[in-house]
Amino acid sequence: MVQPGDVFYLRPEVHEPISKGRRPHVLLHPWPGEREGDPLTLAYGSTQGNDARRGAEHVLIDSSASAFRGTGLSRSTYVYTSRLVSAGVEELGESRGRIVENMPSVRGSLARALGLGTGVTREMNVWGSNRRGRLIETTRHVVEEWGISHALVVTEPNYSREGYQQTIVPLLEDSFEVAEFDVTVRDRAWLGPLAQRYGAAILAVPMVVTLYLPDHIARFLDIVVPAEVMAEVERGLVGHLGLHGHI
């Protein structure tokens, strides 16, 4: 049975060169979930600190510390909670180790990366603005591969201004099965032109993942989720990722 903190080495993502080889990822929540087929949520690991220097939330697992033993990591590694990956259990392989002592720091960093308690943007939809709470339209690749056409940005406000990476919660049509921690959109008025398409839409919180411009995100829409809906999404994120006490 896999547990939070387990370290798995996954194949490069589709936008990365295969020459990079497998990278360490840290499981962030218990498994299995309630809805069959839901992916697991992991944080990306890297020995490179480039994103950290640009303000990305992270925890550095130091190879010189006693807590490093048993992690399965080969060198000091940045665990980027700003860069979440979804993977099926069949993609994981065997766990190489487990992060234990540093997991409270990882959870705290994850809560900050998700912007828990920071509300939604009140800014214009322009480059460099706060994107948190805004809907995006995904690229054709995402639609074909994952069946996701639109999603809600949950990146913390400051890092959301960078634009390149955005952590999102997918918006699904009401034909999907509702699972624990999902948010059902009952008042669809704020969806504007998307309301008719989605019916009783679902914000699929357990499918939270980080997408990239321009590979995954086609554009940011002039639609911002109401604050009360974002609060429901945050409660779902807390439940799914075990972040109780961080909101």
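Read-outs: derived from the displayed coordinates by stated rules, not from any lab. If you're wondering where the values come from, they're calculated on a predicted model, not measured in any experiment. Quick reminder, even Gly has a Cβ in these numbers, built from the backbone with ideal geometry, and neighbours come from all protein chains shown.
Of the candidates ALA87, ALA65, ALA201, which one comes out as most mobile in a Gaussian network treatment of the chain with C-alpha springs shorter than 10 Å? Most flexible of the set in this elastic network: ALA65. Go ahead and run the numbers for FRET between GLN3 and LEU213, Cβ-Cβ distance against an R0 of 30 Å, rounding to 0.05. Efficiency computed from Cβ-Cβ geometry: 0.35. Using 0.36 nm per residue and subtracting the Cα-Cα separation, the extra length available between ALA65 and GLN196 on full extension is 41.7 nm. Ordering MET230, MET207, MET124 from the fewest to the most neighbouring beta carbons within 10 Å gives MET124, MET230, MET207. By counting other Cβ atoms within 10 Å of each Cβ, how are GLU57, GLU94 ranked from fewest to most? The most exposed by this proxy come first: GLU94, GLU57. The C-alpha atoms of the chain define a longest principal axis, and helix 227-241 lies at about 30 degrees to it. The value given for region 162-221 is a Kirkwood hydrodynamic radius of 12.6 Å, derived from the mean inverse Cα-Cα separation. Extending 7 Å from the Cα toward the beta-carbon at both ASP222 and ARG186 defines two label points whose distance is 3.0 nm.
Expressed in nm², what is the orientationally averaged projection area of the convex hull enclosing the Cα positions of the chain? Provide the component values of the computation, followed by the final result.
Details: hull surface 50.8 nm².
In nm², the orientation-averaged hull projection of the chain is 12.7.
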